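Note sheet for the following structure.
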């Protein structure tokens, strides 16, 4: 009998080739796919997007059972090369929801007008596409920076957040591991939480990178329930693969915080097969009783 990983991998290959119908895939592999609002950061399938295009990628994601999407493909007023209304229609037609986007710009005072003009177009684009959240996943600050550099970015994010709020959406910041290091005796992430405009900027906590950075994601969820509004559910590879992430505790706290949206993100793959990893991650969470 083939093991579970091989079965999932083979199923994903059939899926890409169009040899498994959506109804068969759902009934034979993922019987409870409609029960949970499991989200996916599309960066997880970046290679597939590049090789096969966004249409084929979205069709595969829908067949797996993911319902809620976060994009990572904006440029020049288009989302994955599509007009925003076209992208929205594509997602809607597949029975999914486009709720969040990763995008952003570096910042310096001398480029303020240029950067803000970039944001004006990006905001208009994502409003037309129906997004609720716009999230920047990087900044040019780390433990070697000065505290003034971090303050500059906090002010910048607050300014962008005000623009995004005026358009009826909300702006957030997504961490990696270095935000849990210190500049002097100040932890970068804590400083950000305290120094952005809390009414205009939220945080999307990447639970894996938080833990890699030496901090406890559950403790941050407990301490900042009003500021941490989204999460990236992530592991070293596929969700559950390392056995080192307390996903049960994380989801318990997310529920206590009444968090509505969260996204699986997969950056590395055990068998170098992103789609198989996306299937396995979905199956892990779909089977978990603590995921509602």
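The values are calculated or read from the model by the stated rules, or taken from the named source; none is laboratory data. Since we're looking at a predicted model, the values are computed, not measured. Cβ placement follows ideal geometry from the backbone for every residue including glycine, while neighbour counts extend to all protein chains displayed.
Any residue at all in segment 144-164 that's without any contact (Cβ under 8 Å) to a residue 40 or more places away in the chain, under 16 Å from residue 74 (Cβ atoms), surrounded by 20 or more Cβ atoms within 10 Å (Cβ to Cβ) and in contact with a strand residue (DSSP E or B) (Cβ under 7 Å, 6 or more places away or on another chain)? There is no residue in segment 144-164 that is without any contact (Cβ under 8 Å) to a residue 40 or more places away in the chain, under 16 Å from residue 74 (Cβ atoms), surrounded by 20 or more Cβ atoms within 10 Å (Cβ to Cβ) and in contact with a strand residue (DSSP E or B) (Cβ under 7 Å, 6 or more places away or on another chain). Remark: pairs (first residue in segment 52-64, surrounded by fewer than 23 Cβ atoms within 10 Å (Cβ to Cβ); second residue not in a helix (DSSP H, G or I); Cβ separation under 8 Å; 6+ apart in sequence or on different chains) = 54/73; 54/80; 54/81; 54/82; 59/94; 62/94; 62/95; 62/96.
Kindly evaluate residue 95 against the criterion of being loosely packed, with under 15 Cβ neighbours inside 10 Å, closer than 17 Å to residue 40 by Cβ and either at pLDDT 95 or above or within 15 Å of the chain's Cα centre (by Cα) (or both). Spell out the reasoning first.
Numbers: loosely packed, with under 15 Cβ neighbours inside 10 Å: yes; closer than 17 Å to residue 40 by Cβ: yes; either at pLDDT 95 or above or within 15 Å of the chain's Cα centre (by Cα) (or both): yes.
Judged against the criteria, residue 95 is a match.
Taking each residue of segment 264-277 that is closer than 16 Å to residue 61 by Cα and looking for partners that are part of a strand (DSSP E or B) with beta-carbon atoms closer than 6 Å, six or more apart or interchain, yields 264/40; 264/233; 265/41; 265/232. Among the residues of segment 92-114, the one identified as in contact (Cβ under 8 Å) with a residue 24 or more places away in the chain and in a helix (DSSP H, G or I) is 109. Candidates 179, 238, 219: the one that is free of Cβ contacts under 8 Å to residues at least 60 places away in the same chain, part of a helix (DSSP H, G or I) and in contact with a helix residue (DSSP H, G or I) (Cβ under 6 Å, 6 or more places away or on another chain) is 179.
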